[in-house]
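Right, one structure below, let's go through it.
The values are calculated or read from the model by the stated rules, or taken from the named source; none is laboratory data. The model shown is predicted, which means the values in this text are computed figures rather than measured ones. Here the Cβ is made from the backbone with ideal geometry for all residues, glycine too, and neighbour counts use every protein chain on show.
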Amino acid sequence: MSKGIVIKNTGSSYQVTTPDGSAINCKVKGNFRLKGIRTTNPVAVGDVVTFTANADGSAYITAIEPRRNYIIRRASNLSKEAHILAANVDQALLVVSLKEPLTSTTFIDRFLATAEAYSVPVILIINKTDLLDAEERELAEAVRHLYSSIGYEVLLISATGDHSDAIAPILAMTRGKISLISGNSGVGKSTLINRLIPSLNLRTAQVSATHHTGMHTTTFSEMHPLPGGGYLIDTPGVKGFGTVDFGDDVAHYFREIFACSSRCKYGNCTHTHEPGCAVREAVERHEISESRYASYLSILQDRDEGKYRKPF
Ligand SMILES: Nc1nc2c(ncn2[C@@H]2O[C@H](COP(=O)(O)OP(=O)(O)OP(=O)(O)O)[C@@H](O)[C@H]2O)c(=O)[nH]1
Ligand SMILES: [Mg+2]
Ligand SMILES: [Zn+2]
């Protein structure tokens, strides 16, 4: 029996690396379903596993260590099945773009709330800034201001640009850590990873000329070692996030809404219709952004209707 970390999931089998650096292709034996939710992949990239290698070269994962955290998404619209994008991550880099494709603020807010629920810190990366004209550039600055005022780290970059001054800070932030790279298809996740690890040469593809959306070029999550230590996890582009695991505490996962809610008249205020609601007052005074409040309401609504909405 040996121990290793799952670095790639290709559907039917998993690539596991051991501390001595060898890579073994493993299948799964036994049942590793998470309690409470159905998952399409019982073992995820980032899992620490025990495996048994047989004389004939085959190998089987026989146990998974308890996960520190994991990020899941719904397998598809209205699906009850969830897909674990990665487990045991130190942080997530959410890559977004304002053009080709346009990432909606609802998508950003759902991702941030999901990560908040799993206690995963998020760095927001606004990519493709080279495509923006002066007016769009102002919009990008407004998005940066909105999220940094809530307390998130925000970077504006161009992964294909000549200037490497945006790349150095990301290398510094990711060194020695396991970072999940997530975002809509086509925003430039794989391009950014190629920039950070030049020897990789991951497949990237142009966004559709008619729909201005990505082509889902990356189809499986994969973990790539960083030259200076740590890993980057490239993931397939996601369309939306379900509202699993939020429970009654949706407001907990919107930092500025939660901070304000202590001043609401009623302790169980849902910030929708109650008198004396400090959150709604703050929205009216533009202290809480309308887009953030709208995202909060959309999660409440989904939870009440028990369904998954898309696309964002
Ligand atoms: N103009 C411009 N294009 C970029 C930038 N970053 C990435 N692209 C292009 O955007 C397209 C999509 O990039 P990918 O890296 O494949 O996107 P992805 O997020 O990995 O997409 P999926 O694997 O489908 O989820 C490619 O044609 C890239 O060359 C950027 O900063 N500026
Ligand atoms: Mg990709
Ligand atoms: Zn309230």
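You will find that of Ile197, Ile181, the residue that is out of contact with any Ser or Thr (no Cβ under 9 Å at 6 or more places or on another chain), closer than 27 Å to Leu102 by Cα and surrounded by 14 or more Cβ atoms within 10 Å (Cβ to Cβ) is Ile197 and no other. Within the range 166-181, does at least one residue satisfy the condition of being within 13 Å of ligand 2 (Cβ to nearest atom) and over 21 Å from Pro121 (Cβ atoms)? No: zero hits. Note on the range 231-261: among residues that are among the small types (Gly, Ala, Ser) and at pLDDT below 95, the one that is surrounded by the fewest Cβ atoms within 10 Å (Cβ to Cβ) is Gly247.
Yes/no per residue for (1) assigned by TED's automatic domain parsing to the domain that holds Ile7; (2) among the hydroxyl-bearing types (Ser, Thr, Tyr); (3) away from ligand 2 (no atom under 16 Å from the Cβ):
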| position | (1), (2), (3) |
| --- | --- |
| Asn41 | yes, no, yes |
| Val48 | yes, no, yes |
| Tyr60 | yes, yes, yes |
| Phe111 | no, no, yes |
| Val122 | no, no, yes |
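For Thr106, the criteria (1) modelled with pLDDT under 95; (2) assigned to a loop (DSSP other than H, G, I, E, B) hold in every case but one, which is (2).
Out of the residues in the range 184-198 that are among the β-branched types (Val, Ile, Thr) and farther than 15 Å from Ile108 by Cβ, state the one that is farthest from ligand 1 (Cβ to nearest atom).
Only one residue fits best here, namely Ile197.
Can you name the residue in the range 109-143 that is among the basic types (Lys, Arg) and assigned to a helix (DSSP H, G or I) and, of all such residues, is surrounded by the fewest Cβ atoms within 10 Å (Cβ to Cβ)? Across the range 109-143, the extreme among qualifying residues is Arg137. Among the residues of the range 10-51, those that are part of a strand (DSSP E or B) and at pLDDT below 85 comprise Arg38, Thr39. Considering the conditions (1) in a loop (DSSP other than H, G, I, E, B); (2) modelled with pLDDT under 95, Val187 is excluded by exactly one of them, (2).
Within the range 219-234, can one find any residue that is of a type in the set (S, T, N, Q) and either closer than 17 Å to Val96 by Cα or not in a loop (DSSP other than H, G, I, E, B) (or both)?
Applying the first criterion (of a type in the set (S, T, N, Q)) to the range 219-234 yields 219, 221.
Okay, now just the ones that are also either closer than 17 Å to Val96 by Cα or not in a loop (DSSP other than H, G, I, E, B) (or both), so none.
Checked the range 219-234: no residue is of a type in the set (S, T, N, Q) and either closer than 17 Å to Val96 by Cα or not in a loop (DSSP other than H, G, I, E, B) (or both).
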